[in-house]
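Encoded as structure tokens, the structure appears first; notes follow it.
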Amino acid sequence: MQQLNSLIQEASNLGAGRADQEVARIMQICNACRYCEGFCAVFPAMTRRIEFNTADVHYLANLCHNCGACLHACQYAPPHDFAVNVPLAMAKVRQETYIDFAWPHAFGSLYKNNGVTLAMASSISLIAFLLLTLALNGTLFLAPNGGNFYAIFSHNTLALMFGAVFLFAILAIAVGVIRFWSQVSPGAITGVAAAEATHDVLSLKYLGGGHGEGCNNEDDAFSLWRKRFHHFTFYGFMLCFASTSVATLYHYLLGLSAPYALNSLPVILGTLGGIGLLIGPTGLLYLNYKRDSAHGDANQKPMDRAFILLLLLISATGLALLAYRDTTWMPILLAVHLGFVMGFFLTMPYGKFAHGIYRTAALLKNAIEKRQKNSLQLGAD
């Protein structure tokens with residue numbers, strides 16, 4: 001016990017510096033204590049190291065799912081002098097990850113302090129532009145036309161406009177995560193490791209806490225609602241993406257042009273996805289406002305809420321557009337919906353959306369690393 005206290009005191013004396021230095025300090029304390037070793041993937045990964053360089057810190061921070069269990073279990077958490085707060089320290093490094101690996105880099109720095117402002121300003125500016133375009137074309141108010149969006153904006157116009165923005169977003173995300181992987185990669189990707197990482201991502205395994213009872217939110221009580229709302233959000237987004245993909249196949253392969261019937265596969269998938277993106281983001285936004293400030297970095301709430309709010313607005317306007325597509329309100333609702341969608345695409349490489357991509361990469365590294373020999377012979381794989 002005396003040796004343990006000596007190790008912890010030595011680590012605590014390193015002091016807090018930059019976010020990555022603070023994580024390294026805390027991990028050395030945790031590595032000496034190891035009370036939370038069974039809580040999530042972070043602590044077993046921690047035991048495979050005795051020092052924590054920048055790559056290790058970036059990896060562990062993105063492996064953390066911010067469930068909060070370790071904060072409430074820690075005997076060295078504030079107000080203790082050691083001030084061990086793993087969720088807060090990890091959250092700060094995750095934001096550094098999004099900024100450091102962002103492409104172009106300036107966009108990441110801009111989004112850091114202006115999450116809601118930038119997301120909303122981008123969307124509103126695009127909505128205003130689209131509405132002005134409709135007004136100048138004389139298509140702002142049209143008689144009901146059966147929900148034919150292409151009478152408002154041609155298919156080629158929409159494909160070119162959104163295709164360019166979407167491809168830019170994918171390129172920016174790809175460049176960032178490749179840079180991240182180049183820094184933290186431990187070795188070759190195997191099929192078994194990829195399968196485990198895929199399972200962990202799709203099941204949101206580590207949002208269940210180390211005991212499976214869920215996360216902590218406003219207090220030390222455990223709840224699965226954060227995990228459930230994440231599931232609604234994730235699978236709602238994927239259903240909407242599937243709807244768009246199916247509609248694309250209908251158009252180019254089968255020669256079937258929109259609008260599609262309410263009982264068609266694209267509309268069914270989009271409606272289910274839209275409902276998921278109403279339930280999930282609404283719940284996450286509520287939990288975000290209720291969450292204890294010690295469970296993360298309060299300075300990142302604007303970035304978090306911008307992402308959630310955009311998803312919610314996209315879903316709400318999309319469902320409204322479906323409901324009123326055969327009315328005179330359709331052109332206005334279409335412009336509003338497209339504006340929010342494009343605003344989301346423009347900002348998603350630099351905001352909260354990025355956490356899903358980097359966390360997936362971290363889970364893949366974890367699955368690979370677990371299958372490698374632990375040269376320290378510390379911890380259980």
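Within the group V267, V246, V192, which residue is among the hydrophobic types (A, V, I, L, M, F, W, C), in the same structural domain as F153 (by TED's automatic domain parsing), within 22 Å of C40 (Cα to Cα) and part of a helix (DSSP H, G or I)?
V192 is the lone residue from the list that is among the hydrophobic types (A, V, I, L, M, F, W, C), in the same structural domain as F153 (by TED's automatic domain parsing), within 22 Å of C40 (Cα to Cα) and part of a helix (DSSP H, G or I).
Inside the stretch 19-37, can you point out the residues that are over 13 Å from C74 (Cα atoms) and either assigned to a loop (DSSP other than H, G, I, E, B) or among the basic types (K, R) (or both)?
The one that is over 13 Å from C74 (Cα atoms) and either assigned to a loop (DSSP other than H, G, I, E, B) or among the basic types (K, R) (or both): R25.
Looking only at the stretch 349-358, which residues are buried (at least 22 other Cβ atoms within 10 Å of the Cβ) and not in a loop (DSSP other than H, G, I, E, B)?
P349, Y350, A354, Y358
Hey, any hits in the stretch 283-292 for a residue that's crowded, with 17+ Cβ neighbours inside 10 Å and more than 18 Å from F232 (Cα to Cα)?
Checked the stretch 283-292: at least one residue is crowded, with 17+ Cβ neighbours inside 10 Å and more than 18 Å from F232 (Cα to Cα).
Based on this model, can you work out whether V184 counts as farther than 23 Å from L130 by Cβ and either surrounded by fewer than 16 Cβ atoms within 10 Å (Cβ to Cβ) or assigned by TED's automatic domain parsing to the domain that holds L338 (or both)?
So V184 fits the description; yes.
Would you say T317 is touching a helix residue (DSSP H, G or I) at 6+ places or on another chain (Cβ under 6 Å) and buried (at least 23 other Cβ atoms within 10 Å of the Cβ)?
no
What are the residue pairs meeting all of these: first residue in the stretch 158-181, first residue more than 16 Å from E96 (Cα to Cα), second residue outside any helix (DSSP H, G or I) and of a type in the set (D, E), Cβ atoms under 6 Å, and 6 or more apart or on different chains?
none
Based on what the data block shows, is Y260 aromatic (F, W, Y), part of a loop (DSSP other than H, G, I, E, B) and outside the structural domain of A41 (by TED's automatic domain parsing)?
Judged against the criteria, Y260 is a match.
Kindly check whether there is at least one residue in the stretch 314-327 that is within 18 Å of the chain's Cα centre (by Cα), assigned by TED's automatic domain parsing to the domain that holds M238 and in contact (Cβ under 8 Å) with a residue 12 or more places away in the chain.
yes
Mind counting the residues in the stretch 220-249 that are of a type in the set (F, W, Y) and at pLDDT below 90?
1
Out of P44, P79, report the one residue that is outside the structural domain of H355 (by TED's automatic domain parsing) and free of Cβ contacts under 8 Å to residues at least 60 places away in the same chain.
After applying the criteria, what remains is P79.
Taking the stretch 195-243, which residues are over 20 Å from the mean Cα position of the chain (by Cα) and either buried (at least 20 other Cβ atoms within 10 Å of the Cβ) or outside the structural domain of P266 (by TED's automatic domain parsing) (or both)?
S243
Quick check on my filter: what residues within the stretch 61-99 are of a type in the set (A, V, I, L, M, F, W, C) and over 19 Å from A41 (Cα atoms)?
Those that are of a type in the set (A, V, I, L, M, F, W, C) and over 19 Å from A41 (Cα atoms): A77, F82, A83, I99.
Out of the stretch 24-63, which residues are crowded, with 21+ Cβ neighbours inside 10 Å, of a type in the set (V, I, T) and either modelled with pLDDT of 95 or more or more than 15 Å from R94 (Cα to Cα) (or both)?
Within the stretch 24-63, I26, I29, V57 meet the criteria.
Looking only at residues that are of a type outside the set (D, E, K, R) and surrounded by fewer than 17 Cβ atoms within 10 Å (Cβ to Cβ) in the stretch 78-90, which one is farthest from C36 (Cα to Cα)?
P79
What is the one condition in (1) surrounded by fewer than 15 Cβ atoms within 10 Å (Cβ to Cβ); (2) assigned by TED's automatic domain parsing to the domain that holds L256; (3) modelled with pLDDT of 85 or more that L136 does not satisfy?
In the conditions (1) surrounded by fewer than 15 Cβ atoms within 10 Å (Cβ to Cβ); (2) assigned by TED's automatic domain parsing to the domain that holds L256; (3) modelled with pLDDT of 85 or more, L136 misses (3) alone.
The values are calculated or read from the model by the stated rules, or taken from the named source; none is laboratory data. As the structure is a prediction and not an experimental result, all values here were calculated from the model. Note: ideal-geometry Cβ built from the backbone for every residue, glycine included; neighbour counts use all protein chains shown.
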